[in-house]
Amino acid sequence: MKVWYDALTGKHVRYAAAIAERLRSLGHKVILTTRKHPDTIELADFLHEKFTTVGKYEPKSLMTRLKSGTRRQLHFCKLFEKNAPDIAISHGSADLCKVAFGLGKPIITTVDTPYAEAVHRLTLPLSNYIVASKAIPETILQPYNVKAKMVSFSGVDEVAWIKHFKPKIIYDFGHPLIVVRQLEEKAVYTDNPTNMTILAKKLTKLGKVVFLSRYHRKIVKNLIVPKGFIDSASLAAQADLFVGVGGTITREAALQGTPAIIVNVFKDQYVNDFLIDKGFPIFRTEPSDAMALAEKLVGKKYDVKHLLDKLEDPVDTIEKIIKDKAIAH
């Protein structure tokens, strides 16, 4: 089978690499595409994965998003004009879904953000398979496409690359080391921006603070703002505390035993709540209470290997879908 994966963000790149490694070991051919984005190309190089870069992330306005997506779709049409993939996979790439659907190819879409309504409206109605953690109620996703096959797994997406992960880079930022991730303010689902920089500055009272910005890596007094590439999974493993709003690095940290604080910005955090119920060190709080909670948690590492071993790997689920499609094909 010829499998196409389009990665839009750093998380997607990691997911793509894990899926590609598995599928290649089974004899499938994998085509990886991405776009120019602060978190994609450098990570792909770091993982030694070859991605074809098509277009770039242009979130300035709805019009720039629309034009960028349209250009990417046209490029994909040219790329697959004579040799189309047999199946397409993404974590919510509207560009992939539109092109694969137009070519009559089955689509697998993975989901972990129930609140990303705009993305779901553009991707799930075109998808044949919707793969999501069993933490997310099917009643939330199924209405987007009553004909799609819902496939759930008892885990979270990040298990795909954290289950057998070993830090590849040792960072020397000092200890206690606190990592703060900037909110994805330009995402279409973000309607309640929270200034994480203010909180990060307060946290300097407790230790060294690495501030992982999303877009512009400007110098911020008293904060460590890395200019170059940072392997978030390795950094999360070495940190004494992580603070964010519940995204990918939150789970990368908690799955490796680093306490992770979620500042309440987004509702319906089913996936994080699932990990909390399983015993992983994720703690939710209001912005006003974040400092007090950080004081209690900083430096308190947790042994979670036995918990991680019990979680299902979503790559197993995707492998089974493709195996079934290959037999039918």
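Numbers for the structure displayed
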read-out	value
Scope the range 118-143; condition within 23 Å of V159 (Cβ to Cβ) and among the small types (G, A, S); matching residues	S127, A132, S133, A135
The range 80-130 - residue that is in contact with a Lys or Arg (Cβ under 8 Å, 6 or more places away or on another chain) and of a type in the set (S, T, N, Q) and, of those, nearest to K325 (Cα to Cα)	N128
Residue tally, condition within 19 Å of T250 (Cα to Cα) and assigned to a helix (DSSP H, G or I), over the range 125-171	4
Residues (at pLDDT 95 or above and within 17 Å of Q182 (Cα to Cα)) located in the range 264-283	none
Wholly enclosed helices (runs of 4 or more DSSP H) of the range 272-328 bearing at least 1 residues among the β-branched types (V, I, T) and in contact with a helix residue (DSSP H, G or I) (Cβ under 9 Å, 6 or more places away or on another chain)	314-328
Filtered residue count, the range 42-58, keeping only those that are touching a Phe, Trp or Tyr at 6+ places or on another chain (Cβ under 8 Å) and within 16 Å of R72 (Cα to Cα)	1
Check on V188, at pLDDT below 95 and β-branched (V, I, T)	yes
Enumeration of residues in the range 99-114 that are under 17 Å from V30 (Cα atoms) and in a loop (DSSP other than H, G, I, E, B)	K105, P106
Top-ranked residue in the range 244-263 [being part of a strand (DSSP E or B) and in contact with an Asp or Glu (Cβ under 9 Å, 6 or more places away or on another chain); ranked as modelled with the highest pLDDT]	A260
Filter result for F101 (modelled with pLDDT of 95 or more and either surrounded by fewer than 18 Cβ atoms within 10 Å (Cβ to Cβ) or among the β-branched types (V, I, T) (or both))	yes
Options F76, F101, F153: the member that is farther than 30 Å from D231 by Cβ, of a type in the set (F, W, Y) and touching a strand residue (DSSP E or B) at 6+ places or on another chain (Cβ under 8 Å)	F101
Yes/no for A135 being over 12 Å from D6 (Cα atoms), small (G, A, S) and in contact with a strand residue (DSSP E or B) (Cβ under 9 Å, 6 or more places away or on another chain)	yes
A17 being of a type in the set (A, V, I, L, M, F, W, C) and modelled with pLDDT of 95 or more	yes
Matching residues in the range 238-273 - criterion: being surrounded by fewer than 22 Cβ atoms within 10 Å (Cβ to Cβ) and under 17 Å from K208 (Cβ atoms)	Q238, D240
Candidate set: the range 274-303, residues that are out of contact with any strand residue (DSSP E or B) (no Cβ under 7 Å at 6 or more places or on another chain) and under 21 Å from Y15 (Cβ atoms); chosen: the one surrounded by the fewest Cβ atoms within 10 Å (Cβ to Cβ)	K278
The listed residue being buried (at least 17 other Cβ atoms within 10 Å of the Cβ) and either part of a helix (DSSP H, G or I) or without any contact (Cβ under 8 Å) to a residue 40 or more places away in the chain (or both), out of L66, L96	L96
Residue ID - farthest from L66 (Cα to Cα), chosen from residues in the range 1-46 that are among the aliphatic types (A, V, I, L, M) and surrounded by fewer than 19 Cβ atoms within 10 Å (Cβ to Cβ)	L26
Yes/no for A88 being of a type in the set (G, A, S) and under 21 Å from the mean Cα position of the chain (by Cα)	yes
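The values are calculated or read from the model by the stated rules, or taken from the named source; none is laboratory data. Please read all numbers here as calculations on a predicted model, not as lab measurements. All Cβ positions, even for glycine, are placed from backbone atoms using ideal geometry, and neighbour counts span all protein chains on display.
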